[in-house]
Amino acid sequence: MVTNQKKSRNSASVLNLDTSIEYLKGIGPERAKLIKNVLGISTVEDFLNFYPIRYLDKSKIYKIKDLKEGLPDVQLKGKIKELKEIGTGRTKRLSGKFQDETGTVDLVWFQYSQWLKDQLPVNREILIFGKASFFNNQFSMAHPEIEIEEKREQENYLKPIYPSSEKLTKRGLNQKFFQNLLKNICLQIPILIQENLPDYLMKFLKLMSRQQAFLNIHFPENMTHFEAADRRLKFEEAFFFQLGYGLKKQYHQTNSQGNPFPVVGDYFNNFYENFLPFDLTSAQKRVLKEIRTDMKRPVQMNRLLQGDVGSGKTMVALLSMLIAMDNGFQSCMMAPTEILAQQHFSGISELLAGTGITVKLLTGSTKNSERKIIHEELSGGELSILVGTHAVLEDIVQFKNLGLAIIDEQHRFGVAQRAKLWAKNRIPPHILVMTATPIPRTLAMSFYSDLDVSVIDEMPAGRKPIITAHRKEKDRISVYNFCRDEIIKGRQIYFVYPLIEESETLDYKNLMEGFDHILQHFSDYNVTMLHGRMLPAEKDAAMQYFASGKAQIMVATTVIEVGVNVPNASVMVIESAERFGLSQLHQLRGRVGRGAEQSYCILMTSDKLSNESRKRIKTMCETNDGFKISEVDMQLRGPGDILGTQQSGVVDYKRLDLVQDAKIIKASKETVEKIISKDPFLSHPDHLAMKYYYQKQYRGKNKWGKIS
Ligand code: ADP
Ligand code: MG
């Protein structure tokens, strides 16, 4: 731990957390500027949170015979035997042999001064320290740190190594500098750091104190101390984030009005008893109950409905809309694309046929005359259910009393757009966000913590899991033959090509070539095509041609990713599958397996794959579980990319890792829930320190507002 060697020199200046680093010993205005620019550090507190990237253990002395490749820095004890200059000019270097009783390693200095050369203690018992690399059957160490044993500083802690850069090192801000600086700051920890977690909690969770944690994160006595410090700081970070969400959620529940839907009436009951085409799965029933309970209360519902592709979210949405109707309210359902809105519209119209309930569709391509009628019927209250795209959000669209807004495929809608929905009624409508891209649980806990989450984790009965296989170019003919066999059995096939915006022209060319190729190969069948450059009417016609069964094959871009529903399609061939992300592959695969037949997904790739692509393809072949896939996706891409650029940076943790620290996040969430339920205003004396810390540090820092 930190010793008090330098105390006298430093104790004159009493620090506090906000002290500018300019005033720290050895810094001054110019270096302060540099440090701020390179490391983003400007206060003492920033320095305390400037964590080492690794630690050096100088307590262990290796024998040369025990050296292995890939060890971290090691310490050896022995003598420098030979020292000679070799090479000339730029290749000139100083070379030596270092020996202990078990073997020899080469030493080398590439740039050195005469002074250094003269200083090197040849033939004396010394300690050297550095990274031993294995080269030409021999271990060698470049620029080792050298210490003569008697002169050695007594250090009973691991040496921290801080993130640094050449720019800093060149100006003398090297590891030694940072180590001394942090040592001095750490001496003042007893006055700088106050505990912010209640005592009972630390005892219960066996957490290290805050002061000890900061000391041990910089200068741990050993790895066990480091781990305890790490755990404490991670927990603290997770805890205060969760506290923020928890308090916000609680505030929302006590303060934001919503329209209570107390009854389930004729619209719902009539439909449920006479028109429901299948039994609900028990997951659908459970989720519906959760929604129903929410909407009963005079508080706005904010619920995220997660359910894999094909799990039957649409039916849950429709039944919820019927409850709204039973209570005299209107509903709208929004989808991110025209095709999807169209499909929801026809699906829902079909289900409601015979019930006497009208549904209308509002999209960018709705004719003006029709649009006008819809606007009037919405503001007059004659129309109860509207399906649409972003067009629904336009200011001109006014509802008489919008009570429920359902957003399908949530990740495509921005926060600002959702805010517009809120404003469509004096008392904001209940919000149900549906997503088929399951979000890893830790991420959901962090990112959607102020939302309630419902999960449909069960597929309708009778579904056969989709069989997924990986095939390469050389297998193409056998893939085509397989497709042909399926067509003969009466099935339909999708071929999907990547369309990535940066190289759209190239992708478009690939798509066209693929289309021609398939036309030739399947000249005895009807092939249709769907891509983003087509006019809405053309897209419609193509969709219709395929959905009606007139075309056996559809060649498409990822336009079909979201929601397209043709139950008779049983094979999905994904071309250049290595170019798709995991969640996109999963979405695409969900286009098949919607009927009773066995379905297949074939991932075509080039022969050579990067490790990451291989892992993606392998994951797809191994599992159909969207949650598992999203976990792997997060490991591969990190949380920022999963949430989308728009939202990345929201989960901006200092120490926590959403993948590794799932347990800690879960524990912190549960702890916070317990605390808030018992002491919602954090007014118990045990909770005051925590409350003040939260208010000082976190209030206003969460970038997202109360809108999900
Ligand atoms: P998603 O969750 O992907 O939106 P859908 O709502 O489109 O899924 O449902 C997929 C298919 O499953 C639809 O054809 C739908 O009619 C059907 N379906 C939904 N629920 C059930 C159920 N409980 N039993 C049988 N089929 C169902
Ligand atoms: Mg859907």
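For LEU304, the stated conditions hold: it is at pLDDT below 95 and within 16 Å of ligand 2 (Cβ to nearest atom). Regarding the stretch 363-377, can at least one residue be identified that is in contact with a Lys or Arg (Cβ under 9 Å, 6 or more places away or on another chain) and closer than 25 Å to ILE291 by Cβ? No: the stretch 363-377 contains no residue that is in contact with a Lys or Arg (Cβ under 9 Å, 6 or more places away or on another chain) and closer than 25 Å to ILE291 by Cβ.
When you look at PHE177, is it in contact with a Cys (Cβ under 7 Å, 6 or more places away or on another chain) and at negative phi, yes or no? Against the criterion (in contact with a Cys (Cβ under 7 Å, 6 or more places away or on another chain) and at negative phi), PHE177 does not qualify. A single entry from LYS167, LYS117 fulfils the requirement of being of a type in the set (Lys, Arg) and either in a loop (DSSP other than H, G, I, E, B) or in the same structural domain as GLU69 (by TED's automatic domain parsing) (or both): LYS117. Looking at ASP230, is it outside any loop (DSSP other than H, G, I, E, B), in contact with a strand residue (DSSP E or B) (Cβ under 8 Å, 6 or more places away or on another chain) and in contact (Cβ under 8 Å) with a residue 12 or more places away in the chain? So ASP230 fails the test. Reported count of residues in the stretch 458-517, each being of a type in the set (A, V, I, L, M) and within 18 Å of VAL592 (Cα to Cα), is 10. Out of the stretch 271-287, which residues are within 30 Å of the chain's Cα centre (by Cα), more than 16 Å from ligand 2 (Cβ to nearest atom) and polar (S, T, N, Q)? Scanning the stretch 271-287 gives a single hit, SER282. Restricting the stretch 240-277 to residues that are among the hydrophobic types (A, V, I, L, M, F, W, C) and modelled with pLDDT of 95 or more, the residue that is nearest to GLU673 (Cα to Cα) is PHE261. Contact map, the stretch 47-73: residues that are among the aliphatic types (A, V, I, L, M) paired with residues that are in a loop (DSSP other than H, G, I, E, B), Cβ distance under 7 Å, separation 6+ or inter-chain. Pairs shown: ILE53/TYR162; ILE53/PRO163; LEU56/ASP73; LEU56/LEU158; ILE64/THR102. Residues satisfying the criterion are absent from the stretch 186-201 (criterion: among the aromatic types (Phe, Trp, Tyr) and closer than 26 Å to SER59 by Cα).
Of the residues making up the stretch 164-177, at least one is under 44 Å from the mean Cα position of the chain (by Cα), more than 21 Å from LYS58 (Cα to Cα) and among the hydrophobic types (A, V, I, L, M, F, W, C). Residue check: is SER20 among the small types (Gly, Ala, Ser) and farther than 30 Å from PHE134 by Cβ? Here the answer is yes, as SER20 does meet what is asked.
Residues are listed down the side, and each one gets a yes or a no for (1) part of a helix (DSSP H, G or I); (2) modelled with pLDDT of 95 or more; (3) of a type in the set (D, E, K, R); (4) away from ligand 2 (no atom under 16 Å from the Cβ):
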site	(1), (2), (3), (4)
GLY462	no, no, no, yes
HIS470	no, yes, no, yes
ARG484	yes, yes, yes, yes
ILE493	no, yes, no, yes
PHE515	yes, no, no, yes
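Consider the stretch 601-627 and keep the residues that are part of a helix (DSSP H, G or I) and of a type in the set (Val, Ile, Thr). The one that is nearest to ILE493 (Cα to Cα) is ILE617. Just one residue in the set PHE98, PHE134 is touching a Ser or Thr at 6+ places or on another chain (Cβ under 7 Å), in the same structural domain as GLU69 (by TED's automatic domain parsing) and of a type in the set (Phe, Trp, Tyr); that residue is PHE98. Only one of the numbered conditions (1) in contact with a helix residue (DSSP H, G or I) (Cβ under 6 Å, 6 or more places away or on another chain); (2) at pLDDT below 90; (3) crowded, with 21+ Cβ neighbours inside 10 Å is violated by VAL566, and that is (3). Would you point out which residue out of GLN544, GLN598 is polar (S, T, N, Q), away from ligand 2 (no atom under 16 Å from the Cβ) and assigned to a loop (DSSP other than H, G, I, E, B)? Sole residue among the options that is polar (S, T, N, Q), away from ligand 2 (no atom under 16 Å from the Cβ) and assigned to a loop (DSSP other than H, G, I, E, B): GLN598. Reported count of residues in the stretch 246-303, each being touching a residue at least 12 places away in the same chain (Cβ under 8 Å), among the β-branched types (Val, Ile, Thr) and either within 21 Å of ILE407 (Cα to Cα) or within 15 Å of ligand 1 (Cβ to nearest atom) (or both), is 4.
As for the stretch 317-336, it holds at least one residue that is assigned to a loop (DSSP other than H, G, I, E, B), of a type outside the set (S, T, N, Q) and away from ligand 1 (no atom under 14 Å from the Cβ). Residue-level check: of (1) in contact (Cβ under 8 Å) with a residue 40 or more places away in the chain; (2) crowded, with 18+ Cβ neighbours inside 10 Å; (3) more than 30 Å from THR293 (Cβ to Cβ), ILE456 misses just (3).
Of the residues examined, THR437 is one that is in a loop (DSSP other than H, G, I, E, B), buried (at least 19 other Cβ atoms within 10 Å of the Cβ), modelled with pLDDT under 85 and of a type outside the set (A, V, I, L, M). Note on the stretch 542-589: residues that are of a type in the set (Asp, Glu) and away from ligand 1 (no atom under 16 Å from the Cβ) total 2.
Yes/no matrix, rows are residues, columns are (1) farther than 20 Å from GLY28 by Cα; (2) surrounded by 20 or more Cβ atoms within 10 Å (Cβ to Cβ):
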position	(1), (2)
ARG124	yes, no
LYS131	yes, no
PHE134	yes, no
GLU149	yes, no
LYS170	no, no
LYS176	no, no
CYS186	no, yes
ILE191	yes, no
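The residues of the stretch 671-681 that are over 22 Å from LYS206 (Cβ atoms) and in contact (Cβ under 8 Å) with a residue 60 or more places away in the chain, listed by number, are ILE676, PRO680. Filtering TYR55, TYR112, TYR62 for residues that are surrounded by 15 or more Cβ atoms within 10 Å (Cβ to Cβ) and either closer than 30 Å to GLN211 by Cβ or among the charged types (D, E, K, R) (or both) leaves a single hit, TYR55.
Restricting the stretch 327-350 to residues that are buried (at least 19 other Cβ atoms within 10 Å of the Cβ) and over 35 Å from the mean Cα position of the chain (by Cα) leaves a set whose member that is nearest to GLU290 (Cα to Cα) is ASN327.
For the stretch 485-526, a residue qualifies if it is charged (D, E, K, R) and either within 21 Å of GLN544 (Cβ to Cβ) or surrounded by fewer than 16 Cβ atoms within 10 Å (Cβ to Cβ) (or both), and the qualifying residues are ASP485, LYS489, ARG491, GLU501, GLU502, GLU504, LYS509, GLU513, ASP516, ASP524. Filtering the stretch 394-411 to residues that are away from ligand 1 (no atom under 16 Å from the Cβ) and buried (at least 20 other Cβ atoms within 10 Å of the Cβ) leaves VAL397, PHE399, LEU402, GLY403, LEU404, ALA405.
The values are calculated or read from the model by the stated rules, or taken from the named source; none is laboratory data. On a predicted model such as this, the values are computed, not experimentally measured, just so you know. No Cβ is skipped: glycine too gets one built from the backbone with ideal geometry, and neighbour counts run over all protein chains shown.
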